[in-house]
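Encoded as structure tokens, the structure appears first; notes follow it.
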């Protein structure tokens, strides 16, 4: 039997799904770069992993912009807890990239909607 937290996660996933799937969100990609071993074929020592998900973007209100933590031009994403393939979305981390609507943003901070250990959504403050 599912509990209220599992139902909340499922509701958020439905609402934040792309519009093409009946939700109110758009597709986005969470891009995570982690250091790794040097690969002579690519000339890089970083591993890039993309997670295909969905969510909403909203601008901060003027009274929320303080010039230090929240700067003009920052946006807030509400990210679905579920990837497009049905797996769980990993929690975004600071300096991850969000590719959304043709633009790339860098995650500044994350506020998970985590209830009783169930991630129902993620709020991510991001900057171009």
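Could you check segment 84-93 and list, in sequence order, the residues that are in contact (Cβ under 8 Å) with a residue 24 or more places away in the chain and farther than 18 Å from residue 117 by Cα? Write out each step before concluding.
Going through segment 84-93, the residues in contact (Cβ under 8 Å) with a residue 24 or more places away in the chain turn out to be 84-85, 88-93.
Matches in segment 84-93: 84, 85.
Output the number of residues of segment 81-110 satisfying the condition of being under 14 Å from residue 55 (Cβ atoms) and loosely packed, with under 13 Cβ neighbours inside 10 Å.
Residues flagged as under 14 Å from residue 55 (Cβ atoms) and loosely packed, with under 13 Cβ neighbours inside 10 Å within segment 81-110 amount to 2.
Can you tell me which residue in segment 14-58 is surrounded by the most Cβ atoms within 10 Å (Cβ to Cβ), limited to those that are in a loop (DSSP other than H, G, I, E, B) and modelled with pLDDT of 90 or more? Before the answer, list the steps.
The initial filter retains those residues of segment 14-58 that are in a loop (DSSP other than H, G, I, E, B), namely 17, 22-24, 40-43.
With modelled with pLDDT of 90 or more added as a condition, the list becomes 17, 22-24.
Values: 17: 21, 22: 9, 23: 18, 24: 14.
That would be 17.
Please work out if residue 121 is surrounded by 15 or more Cβ atoms within 10 Å (Cβ to Cβ), out of contact with any helix residue (DSSP H, G or I) (no Cβ under 7 Å at 6 or more places or on another chain) and in contact (Cβ under 8 Å) with a residue 40 or more places away in the chain. Even if it seems obvious, please write down each step before you answer.
Details: surrounded by 15 or more Cβ atoms within 10 Å (Cβ to Cβ): yes; out of contact with any helix residue (DSSP H, G or I) (no Cβ under 7 Å at 6 or more places or on another chain): no; in contact (Cβ under 8 Å) with a residue 40 or more places away in the chain: yes.
Spelling it out, it is not the case that residue 121 is surrounded by 15 or more Cβ atoms within 10 Å (Cβ to Cβ), out of contact with any helix residue (DSSP H, G or I) (no Cβ under 7 Å at 6 or more places or on another chain) and in contact (Cβ under 8 Å) with a residue 40 or more places away in the chain.
Would you be able to tell me the number of residues in segment 61-70 that are surrounded by 10 or more Cβ atoms within 10 Å (Cβ to Cβ) and either part of a strand (DSSP E or B) or modelled with pLDDT under 95 (or both)? Break it down stepwise before answering.
Residues of segment 61-70 that are surrounded by 10 or more Cβ atoms within 10 Å (Cβ to Cβ), as a first pass: 64-65, 69-70.
From the residues that got through so far, the ones that are either part of a strand (DSSP E or B) or modelled with pLDDT under 95 (or both) too are 64-65, 69.
Of the residues in that region, 3 qualify.
Just checking: which of the strands (runs of 3 or more DSSP E) contained wholly in segment 78-128 hold 3 or more residues that are within 19 Å of residue 4 (Cα to Cα)? Before you say what the answer is, go through the steps one by one.
On the way: elements: 97-100, 103-115, 118-127.
In segment 78-128, 103-115, 118-127 are the strands (runs of 3 or more DSSP E) which contain 3 or more residues that are within 19 Å of residue 4 (Cα to Cα).
The values are calculated or read from the model by the stated rules, or taken from the named source; none is laboratory data. Small disclaimer: the values here were computed from a predicted structure and weren't measured. Glycine gets a Cβ as well: all are built from the backbone with ideal geometry, and neighbour counts include every protein chain shown.
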